[in-house]
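Asker: If you scroll down you'll find the structure; I have some questions about it.
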Amino acid sequence: MGPVHHELAGEPIFAPMIQIDMEIKAFVSAWRHCDYVSTYMARMISQNRSDSVRHSNLFSSALNELLEVASRTRHAGGDLACRVSRHGATDRIELTFPCVPEERQFYEEAVSHVTGTEARERYLNSVSGDLAPSREVVLLELAVDYNAALRVEEADGDAIKLVVDLPLEGLQH
Amino acid sequence: MSPYDLLPRFKAQYDANNQEFSIAGVVRPQAIDELGPSIALLRDAIGRVRGVLYLNVRRLTQMNNAAFHAFSRILIDTCRARPDLKFVVITSSVVGWTSRKFGRLSGIEPNITVEEYDSEFYPGQGFLEEGGFVPILRSQTKMTWRHERAILPRHGMRQGIVMADICCGIGDFAVLVQKEFQPSRIVALDHSISSLNYARQVMREFDIRGIEYTYGDASEMLLDEAQFDLVTCRHSLQIFNRPELILKELYRICKPGGRVYITNEKNSHCLGEPRAESIRWTYNEVAKLFGHFEMDVELGPKSRRYLMEAGFEDIRVETFMVTNLDGDPQDFADVIAAWADVYAGEMATRRGDGPEFVAQFRQGFEDHIFAALHPKGYAGWPIWVASGRRPQ
């Protein structure tokens, strides 16, 4: 029997798979938490993908970049929540973390720029540019290289929620 | 600080002979300063070479954007300052993101090209892994399984273990193991996408659970080290031109105290009665033919030496003979006919063999089939089984 897909009024329902919660203070206390969390979650959710090792490698690569973004937040308090859910070939990352208002505005603008034809050009320009990679590059790369769909959702308090749908199962070798 | 923090996560080195800078492992720094020595090594390498510098990222399992930018910046700047110098980035198709990400660089600077490495490591496999060979591989596994199901427990197979089947081909051995021994997990890896597609199709149709089929290069696997109780690699070392590289990887992914199990042939020892002389001549020629394509189908009795040299202990070696008496003699005959088609067909043609040789070569296979189907005949195909324990 194959996986069961749920849909309600045209909006697919993603089945929860795993969630990790940490105080942001604890999370940012060691840079390697990004690596630990992305590697662990990638392994956990990739077991029943058609190629578990390859899926885990790609998922870890994408999630680590998002966690590194969260790790650079300028907000000192609150919690980080990383939740992964699944609908068919797509895995959804919901990353909630505290941020200051300027950062929230930045993410909202950045996400609005990752769609559209100019996204690829912006991404290539950033690769060849002199400046160190910005948080926007991470989001552009997810959209361009991983075919990810991104959006920002409301979250409680001084937090922001990045929602990233990754269709890794469908990515060709 | 956890013990994990003490492990080196990546390694960069420069090989002056090959003008090759390689970086391997997980490169996820917080700040570029952490890459200082590696970046200095790359800059130094650039300063020493003329013509082409190879950048080997085949075993680069992860690299974050910060590190990628630091390294790519050096390549791009060098291209602009030194148009005489070319960069060739060697990626592996196994690591999904590398060709994609490094491929962007060639769009920016024409002097940077990206090549996927894998195919050159498998000089002769194309003969054996195309779709038409699948029924024969299934028959071969059916014939060897009659013996191996009794042999495997002597080499570490038992219920509940975590095992890997490297070079799993169409996955039929993994399925048989799953049904017979119920390991808790099987990771089955192969480099042939068509074989893996077939294996996954069988798994879906038969609702088989507990096997993870994964695409990979047996000489450089993405699998973590020391995670399997038993690692099997059947009929495969003999078709690689550098079996010691595969064994090194099998050793790496095997747990200390776990075992690596290999099977190989000595083709020149295939035999039959009647018509023994013709059969012997042909299989001697088979060994030479494979040798021409850098494959050693005489490897079986060398297994002990290979395992010892790879660092294993408690090495156990045994042999068994698949014969026409094991089951339906027609199965045996069908396998020989398929060998004849490939060996006296495409492979002989590729080597440039003349019609006279091919006729005699093919005759030996026909005589082997004759022996297998003869009511008083006997036909055999010997297999060497060997395993070694990774020291604690």
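Throughout, read-outs are computed from the coordinates displayed, never taken from laboratory work. Fair warning: this is a prediction, and the values are worked out from it, not measured in the lab. Here the Cβ is made from the backbone with ideal geometry for all residues, glycine too, and neighbour counts use every protein chain on show.
Asker: I'd like to know how segment B:45-116 sits against the 2.2 N^0.38 Å rule of thumb: what's its Cα Rg over that expected value? Walk me through the numbers before you get to the answer.
Answerer: Working: Rg = 11.6 Å, N = 72, 2.2 N^0.38 = 11.2 Å.
Rg over 2.2 N^0.38 Å, computed on Cα atoms: 1.04.
Asker: Something else about it: With just the Cα atoms of chain B, tell me how far they stretch along each of the three principal axes, in Å, largest first.
Answerer: Computed over the Cα atoms, the extents are 77, 52, 41 Å.
Asker: Under the rule of -39500 (n - 2.57) per DSSP H run of 4 or more residues, summed and divided by the residues of the protein assembly as shown, what mean residue ellipticity at 222 nm is obtained, to the nearest 500 deg cm²/dmol?
Answerer: Values: 20 runs with 238 residues, N = 565.
The helix-only estimate for the protein assembly as shown comes to -13000 deg cm²/dmol at 222 nm.
Asker: Another question, if that's okay. Filter B:LYS142/B:LYS376; B:LYS142/B:LYS248; B:LYS11/B:LYS101; B:LYS142/B:LYS255; A:LYS25/A:LYS161 down to the pairs with a C-alpha to C-alpha distance above 25 Å, please. Kindly include the intermediate steps, with their values, before the conclusion.
Answerer: On the way: B:LYS142/B:LYS376 23 Å; B:LYS142/B:LYS248 29 Å; B:LYS11/B:LYS101 20 Å; B:LYS142/B:LYS255 29 Å; A:LYS25/A:LYS161 18 Å.
Violating the 25 Å limit, Cα to Cα: B:LYS142/B:LYS248; B:LYS142/B:LYS255.
Asker: What's the Cα-based Rg to Rh of segment B:272-392, Rh via Kirkwood?
Answerer: Details: Rg = 16.8 Å, Rh = 15.9 Å.
Rounded to two decimals, Rg over Rh is 1.06.
Asker: OK, next. Please compute the Kirkwood hydrodynamic radius over segment B:279-325, one decimal place, Å, based on all pairs of different Cα atoms. Mind showing how you got there, number by number?
Answerer: Working: mean 1/r = 0.0778 Å⁻¹.
Value: 12.9 Å, from the Cα pair sum.
Asker: Sticking with this structure for a sec: Averaged across the residues of B:61-70, what count of C-beta atoms belonging to other chains lies within 10 Å of each residue's C-beta? Display every interim value, and only then the final one.
Answerer: Values: counts 4, 7, 2, 9, 14, 5, 1, 4, 8, 2.
Partner-chain Cβ atoms within 10 Å, mean over residues of B:61-70: 6.
Asker: If we restrict to alpha carbons, what Rg and Dmax does segment B:9-80 come to, in Å?
Answerer: For segment B:9-80, the Cα-based Rg and Dmax read 11.6, 34 Å.
Asker: Bin width 10 Å, origin at 0, all Cα-Cα pairs of the protein assembly as shown: what percent of pairs per bin?
Answerer: Answer for the protein assembly as shown: a P(r) of 3, 15, 24, 23, 18, 11, 5, 1, 0 percent.
Asker: Need one value for B:24-35: mean number of C-beta atoms belonging to other chains within 10 Å of its residues' C-beta atoms.
Answerer: 2
Asker: Here's something else I'd like to know. Which cross-chain or sequence-distant (5 or more) residues have an amide H under 5 Å from the amide H of B:ARG82, H modelled 1.01 Å from N in plane?
Answerer: Hits under the 5 Å cutoff: none.
Asker: Which whole-percent values make up P(r) of segment B:232-299 when all C-alpha to C-alpha distances are grouped in 10 Å steps starting at zero?
Answerer: 20, 39, 25, 12, 3
Asker: What is the ratio of the Cα radius of gyration of segment A:13-170 to 2.2 N^0.38 Å, with N the residue count, to two decimals?
Answerer: Details: Rg = 15.0 Å, N = 158, 2.2 N^0.38 = 15.1 Å.
Ratio of Rg to 2.2 N^0.38 Å for segment A:13-170: 0.99.
Asker: Using C-alpha positions alone, give me the convex hull volume of segment B:164-320 per residue in cubic angstrom.
Answerer: Values: hull volume 21.3 nm³, N = 157.
Taking only Cα atoms, segment B:164-320 has a hull volume of 136 Å³ per residue.
Asker: Which angle between 0 and 90 degrees, to the nearest 10, do you get for helix B:65-81 versus the longest principal axis of chain B when only C-alpha atoms count?
Answerer: 80 degrees
Asker: Another question about this same structure. Per-residue mean of other chain beta-carbon atoms within 10 angstrom of the beta-carbon, peptide B:320-332? Show your work: numbers first, answer last.
Answerer: Details: counts 0, 0, 0, 0, 0, 0, 0, 0, 0, 0, 0, 0, 0.
Mean number of neighbouring Cβ atoms from other chains: 0.
Asker: About the Cα centre of segment B:3-116, how large is the charge dipole given +1 on each Lys and Arg Cβ and -1 on each Asp and Glu Cβ? Please answer in debye to the nearest 20.
Answerer: It works out to roughly 160 debye.
Asker: While we're here: How far is helix B:276-292 tilted off the main Cα axis of chain B, in degrees rounded to 10, range 0 to 90?
Answerer: The angle comes out near 10 degrees.
Asker: Next question. By count of other Cβ within 10 Å, fewest leading, how are A:THR96, B:THR214 ordered? Present the calculation step by step, with values, prior to reporting the outcome.
Answerer: Details: A:THR96 21, B:THR214 26.
Ranking A:THR96, B:THR214 by Cβ neighbours within 10 Å, fewest first, gives A:THR96, B:THR214.
Asker: Give me the percent of DSSP beta bridges within the protein assembly as shown that run antiparallel, rounded to the nearest 5.
Answerer: Numbers: 58 of 93 bridges.
Taking every DSSP beta bridge within the protein assembly as shown, about 60 percent pair in antiparallel fashion.
Asker: Moving on. About the Cα centre of chain B, what is the dipole size in debye to 20, counting +1 per Lys and Arg Cβ and -1 per Asp and Glu Cβ, all else neutral? Intermediate values should be presented prior to the final figure.
Answerer: Values: 46 positive and 51 negative charges, 214 e Å.
Dipole about the Cα centre, nearest 20: 1020 debye.
Asker: Moving on. Where nothing but the Cβ of Lys and Arg (+1) and of Asp and Glu (-1) is charged, how large is the charge dipole of segment A:13-170 around its Cα centre, in debye to the nearest 20?
Answerer: Numbers: 16 positive and 25 negative charges, 95 e Å.
Its charge dipole is roughly 460 debye.
Asker: Right, next: Mind giving me the FRET efficiency for A:ASP21 and B:ILE74? R0 is 25 Å, r the Cβ-Cβ distance, nearest 0.05 is fine.
Answerer: Details: r = 39 Å, r/R0 = 1.57.
It comes to 0.05.
Asker: May I pose another question? Compute the distribution of all C-alpha to C-alpha distances in segment A:1-104, in bins of 5 Å from 0, and list the percent of pairs in each, rounded to whole numbers.
Answerer: With a bin width of 5 Å, the distribution comes to 2, 12, 22, 21, 16, 13, 9, 4, 1, 0.
Asker: Let me ask something else. FRET efficiency for B:ALA24 and A:GLN105, Cβ-Cβ distance as r, R0 = 35 Å, nearest 0.05? Provide the component values of the computation, followed by the final result.
Answerer: Values: r = 40 Å, r/R0 = 1.14.
Given R0 = 35 Å and the Cβ-Cβ separation, E is 0.30.
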